[in-house]
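Inspection log for the structure reproduced underneath, given as structure tokens.
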Amino acid sequence: MWKELITQHAGGVEVEFTAPATDDALSGAAEALGHPLPDELVSVLRESNGIVGEYGYDLVSPLETIIQRNLELRSSFSDLYMAFDQLLFFSDMPGNGDLFGIVLVPGQFDQVFLWDHETDSRRWAASSVEGFVERWLTGVIREQLDC
């Protein structure tokens, strides 16, 4: 499903898919992070453990990157930024250090926000991972967020 969706919206832009994440790796990620991964993200990772978009950025980061990035932000930067416990970062903004994260708050699951690393602001980007993929690949997010 995800490969077809992404290919459909990529508009001729080359996108690279990797081997799927294993169930053991997904379980290990949930254990390392201390919470389950959102279902929609698990669905993507079961199809491709990371999706590389235009210019080599992570449209969806590999599982190891997701774990490392989230653990580092939650522990090492707590003095600089608001808490990151309510977001699970899974994608990056090409070239500038900003990240896209899925909300982990009950009742708001699957919402995707952009975290601005300079201002520590969090702006809504999409109502789901699927919506994020579609909106990113069609340029809607870049227009909406002035990226």
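Each residue of the stretch 49-61 in order: what ³J(HN,Hα) in whole Hz does its phi give by Karplus 6.51 cos²θ - 1.76 cosθ + 1.60, θ = phi - 60°, with x for Gly and Pro?
Working through the residues one at a time gives 7, x, 10, 9, x, 3, 6, x, 7, 8, 4, 9, 5 Hz.
If the elastic network links every pair of Cα atoms under 10 Å, which of ASN49, ASN70, ASN96 fluctuates the most in the Gaussian network model of the chain?
Looking only at ASN49, ASN70, ASN96, the biggest GNM fluctuation is shown by ASN96.
Please compute the per residue accessible area over the chain with all protein chains in place, 1.4 Å probe, rounded to a whole number of Å².
Value for the chain: 51 Å² per residue.
Just round it to a whole percent: the fraction of Cα-Cα distances in the chain exceeding 25 Å. Before the final figure, lay out the partial values.
Values: 2342 of 10731 pairs.
Here the tail beyond 25 Å accounts for 22 percent of pairs.
Could you give the length gained by full extension between ASP116 and THR7, i.e. 0.36 nm per residue of separation minus their alpha carbon distance, to one decimal place?
Gain on stretching ASP116 to THR7: 36.5 nm.
Got the relative contact order for the stretch 97-147 handy, in percent, Cα pairs under 8 Å and 6 or more residues apart?
25
What accessible area, in Å² to the nearest ten, does a 1.4 Å probe give for MET82?
About 110 Å², rounded to the nearest 10.
Using the Cα centre of the chain as origin and beta-carbon charges of +1 (Lys, Arg) and -1 (Asp, Glu), tell me which of GLY12, LEU104, MET1 is placed farthest towards the positive end of the dipole.
Result: LEU104.
Taking the Cα centre of the chain as origin, sum charge times position over the Cβ atoms of Lys and Arg (+1) and Asp and Glu (-1), and report the length of that vector in debye to the nearest 20.
For the chain, the charge dipole is close to 160 debye.
Please work out how much accessible surface THR7 shows to a 1.4 Å probe, ignoring ligands, DNA and RNA, in Å² rounded to 10.
Its accessible surface works out to 90 Å², give or take rounding.
The values are calculated or read from the model by the stated rules, or taken from the named source; none is laboratory data. On a predicted model such as this, the values are computed, not experimentally measured, just so you know. We place every Cβ from the backbone using ideal geometry, glycine too, and count neighbours over all the protein chains shown. With ligands, DNA and RNA removed, areas are computed over all heavy atoms of the protein, side chains included. Shrake-Rupley method; radii C 1.70, N 1.55, O 1.52, S 1.80 Å.
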